[in-house]
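Asks: Dropping a structure here in C-alpha cells format, bear with me for questions.
What follows draws every value from the coordinates through simple rules; no lab data is involved. Since this is a predicted model, take the numbers as computed values, not measurements. Quick reminder, even Gly has a Cβ in these numbers, built from the backbone with ideal geometry, and neighbours come from all protein chains shown.
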Amino acid sequence: MDAARSCFGEKGFAKSTVREIAGRAGVTHGLVLRQFGSKEELFLAAVPGHRELDATIAGDRETLPERVARSFVERMEANAATDPLVVLLRSVATDQEDDEELATRVAMLGSQLVGITFVRYIARVGPLARMSPEDVVTHLSRALRNILLDD
C-alpha cells in the first residue's frame, strides 16, 4: 500500500503502472493483480477518501470553492498527516494532460492546499495557524474562487 500511495502521489493514476508499484513493493506484478484485481481497485484501496472527494466536487460550479475549502479544512483539522486529498488532486491533474488549463488550475489548487497544510498544520506559526477553522474556510474559499472559477 505504501508503494502504491507513493507512486500514485508522484505520478498520478494514469502514469502509474502496476509493474512499477509491484517493483517498489518488492513483489511481482501478478501478486498485486491477484490481491487487488486491477489498478483501479489498487488505487481505491491505497488512497482512501475518494468517495468524500466525489461528494465534494459534485454540485453547483459556483459553490465549488466553498465546498473544496470546507472539505479540506475539515479533513486537515481531523488528521493532516494522513490526508489523501493531495494524492487525488495530483492524479486528477496528470490524468487531464490534454486540457492544459484544467491541469494548471488543479496544480494551483494543490499548491494552495499544500501551502496551507505546511503553515497551519506543520509549522503552526502566524495568523493562519491561530485562525479558527471557519475563518480558514472563508479565506481559502476566496482564493479557490480565483483559481477554480476565474475565466
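Asks: Do any GluC sites (Glu not before Pro) in the stretch 97-145 lie in a DSSP loop with no more than 13 other beta carbon atoms within 10 Å, and if so, which?
Replies: Filter output for the stretch 97-145: 97.
Asks: Work out how much length residue 103 to residue 33 would gain on full extension: take 0.36 nm times their residue separation and subtract the Cα-Cα distance, in nm to one decimal.
Replies: Taking 0.36 nm per residue and subtracting the Cα distance, the gain is 22.2 nm.
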